[in-house]
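These notes are about the structure you will find just below.
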Amino acid sequence: MSGPRHADRPSHTEGSPLDPYKLEVAPGTVHETVQGWVPQLATEEELRIALEKAFDYRGDVMLTLKDNSKLEGYVFDRIVGDSLNNSFVRVIPKDGIQKLKIAYANIAALSFAGRDMAAGKSWEAWVRKYWGKKASGEGTLSLEPEFLE
């Protein structure tokens, strides 16, 4: 006695919702440009949304704290709690290497000050530059990252 073959299962028939040819095409991602944006932080929800975008941003942000001090740096982590007092953003200051932990409740303003290093077509520009160097016969080709305009 033999059971059903794998190919005879309903998931492998034509018109199945799991058609592999349709699964191979994934929708693209729309990247929001926030460089230069200064969000209004009137509500707790607006602050949380702005700090999530700051975490996704690949450039420096300028934080103005409630004591009127300013901090420019890269947001590399956040800890989301149930209130602003126990939610934190972690920042590497632009002029230092010591990581700082700042409570959401201490943030008065935020601006996306620095250049977004992931914006634009940096990968395509790097590949174009790489193949240009290779075609011109330049000696050693490096796969190390470099600054692209």
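Data overview
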{"quantity": "Qualifying positions in region 38-81 - farther than 18 Å from LYS99 by Cβ and hydroxyl-bearing (Ser, Thr, Tyr)", "calculated": "THR43, THR64"}
{"quantity": "Residue within region 23-37 that is assigned to a helix (DSSP H, G or I) and modelled with pLDDT under 85 present", "calculated": "yes"}
{"quantity": "Every residue from region 38-79 that is assigned to a loop (DSSP other than H, G, I, E, B), small (Gly, Ala, Ser) and over 13 Å from the mean Cα position of the chain (by Cα)", "calculated": "ALA42, SER69"}
{"quantity": "Failed item, numbered, when ARG90 is tested on (1) under 19 Å from THR43 (Cα atoms); (2) modelled with pLDDT of 95 or more; (3) not aliphatic (A, V, I, L, M)", "calculated": "(1)"}
{"quantity": "Output for region 103-117, where each listed residue is more than 18 Å from TRP37 (Cα to Cα) and surrounded by 17 or more Cβ atoms within 10 Å (Cβ to Cβ)", "calculated": "ALA103, TYR104"}
{"quantity": "Qualifying positions in region 65-89 - surrounded by fewer than 16 Cβ atoms within 10 Å (Cβ to Cβ), under 18 Å from ILE49 (Cβ atoms) and either of a type in the set (Ser, Thr, Tyr) or out of contact with any helix residue (DSSP H, G or I) (no Cβ under 9 Å at 6 or more places or on another chain) (or both)", "calculated": "ILE79, ASP82, SER83"}
{"quantity": "Positions within region 90-110 being within 16 Å of ILE49 (Cα to Cα), within 20 Å of the chain's Cα centre (by Cα) and outside any strand (DSSP E or B), in sequence order", "calculated": "TYR104"}
{"quantity": "Qualifying residue in region 119-130 (condition: modelled with pLDDT of 80 or more and charged (D, E, K, R))", "calculated": "yes"}
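The values are calculated or read from the model by the stated rules, or taken from the named source; none is laboratory data. Because the structure is a prediction, the values reported are computed rather than measured. Note that we place each Cβ from the backbone using ideal geometry, even for glycine, and neighbour counts take in every protein chain shown.
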